[in-house]
1. Consider ILE155 against the criteria (1) without any contact (Cβ under 8 Å) to a residue 24 or more places away in the chain; (2) more than 11 Å from the chain's Cα centre (by Cα): it satisfies all of them except one. Which criterion is unmet?
2. Of everything in the stretch 40-58, what is in a helix (DSSP H, G or I) and modelled with pLDDT under 90? Give them in sequence order.
3. Being in contact (Cβ under 8 Å) with a residue 12 or more places away in the chain, touching a Leu at 6+ places or on another chain (Cβ under 9 Å) and not basic (Lys, Arg): is that true of GLY65 here?
4. How many residues does the stretch 159-185 contain that are open to solvent by 70 Å² or more (accessible area, probe 1.4 Å) and not aliphatic (A, V, I, L, M)?
5. Being in a helix (DSSP H, G or I) and acidic (Asp, Glu) is the filter; apply it to the stretch 136-158 and report the residue that is surrounded by the fewest Cβ atoms within 10 Å (Cβ to Cβ).
6. Answer with yes or no whether GLU80 is touching a residue at least 40 places away in the same chain (Cβ under 8 Å), crowded, with 19+ Cβ neighbours inside 10 Å and within 24 Å of ALA162 (Cα to Cα).
7. Taking the residues in the stretch 99-122 that are without any contact (Cβ under 8 Å) to a residue 40 or more places away in the chain and not in a loop (DSSP other than H, G, I, E, B) as candidates, determine which candidate is nearest to PRO35 (Cα to Cα).
8. Is it true that ALA74 is open to solvent by 30 Å² or more (accessible area, probe 1.4 Å) and in contact (Cβ under 8 Å) with a residue 12 or more places away in the chain?
Amino acid sequence: MAASRIKAVAKVVEPNRRADIVRAAGRLFHEKGYPATTIRDIAGAVGMRSGSPFYHFKTKQDMLGAVVLEGMHAIHQAVEKVAVSGKSSRATFEAMLRAHLNQLLGEEGRDFAATLLHESRHLNPEVSAEVVLLKDRYELMWQQALNDLKRDGLIADDSTVARLFLIGALNWTVQWYRPDGSQSVAQIARKLASFVIGNSRQD
């Protein structure tokens with residue numbers, strides 16, 4: 001194989017290996033916790049030698065940062081997509097709930113979510129600061145959704161405390177949700193929307 005061909009193949013393969021490492025790290029950080037997870041564990045989970053992940057990351061802490069940030073970007077994009085759909089405030093709110101929960105509880109996202117919620121204290125200060133900025137931007141979307149609901153007379157309280165309660169309730173679902181349980185993510189989102197808004201309807 002020509003050298004140029006080898007380089008072209010490497011450009012395709014290596015990013016995929018990085019993604020594999022991030023997914024494996026997220027799963028292991030979720031299952032074992034960040035301190036108990038070793039580089040050898042992560043390498044073994046993706047069929048690499050113990051030193052190979054360092055081709056993509058300088059430290060285990062960098063892997064943690066990648067897991068948290070990639071998870072946050074994914075959930076932000078999913079919720080933002082429905083937040084700007086132009087639908088009624090109630091429909092938008094329920095769609096945002098569903099998008100958030102799908103990312104949080106779905107097979108692809110639950111390891112990222114658990115790592116974000118339980119292992120973020122191990123992030124280095126630089127990444128922690130980035131996480132705070134992303135979190136603030138994300139919460140602005142929810143604040144706007146609550147403002148719109150109040151404007152339309154569907155809720156009485158769109159305060160910061162209401163927003164924090166809402167996001168806290170959403171994130172706590174990782175503690176009790178079971179994929180094989182009696183309620184789907186869509187059903188949970190619908191019930192939470194009804195809990196917040198009640199049975200009122202918009203035309």
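1. Among (1) without any contact (Cβ under 8 Å) to a residue 24 or more places away in the chain; (2) more than 11 Å from the chain's Cα centre (by Cα), ILE155 violates only (1).
2. SER52, PRO53, PHE54, TYR55
3. Considered against the rule, which asks whether it is in contact (Cβ under 8 Å) with a residue 12 or more places away in the chain, touching a Leu at 6+ places or on another chain (Cβ under 9 Å) and not basic (Lys, Arg), GLY65 comes out as yes.
4. Number of matching residues: 9.
5. In this case the residue turns out to be ASP136.
6. For GLU80, the condition - touching a residue at least 40 places away in the same chain (Cβ under 8 Å), crowded, with 19+ Cβ neighbours inside 10 Å and within 24 Å of ALA162 (Cα to Cα) - is not met.
7. Checked the stretch 99-122; the qualifying residue nearest to PRO35 (Cα to Cα) is ARG121.
8. yes
The values are calculated or read from the model by the stated rules, or taken from the named source; none is laboratory data. Everything numeric in this text was worked out from a predicted model, so none of it was measured. Heads up, the Cβs are rebuilt from the backbone with ideal geometry, glycines too, and the neighbour counts pull from every protein chain shown. Quick note on the areas: whole protein, heavy atoms, side chains included, nothing else; ligands and nucleic acids left out. Shrake-Rupley method; radii C 1.70, N 1.55, O 1.52, S 1.80 Å.
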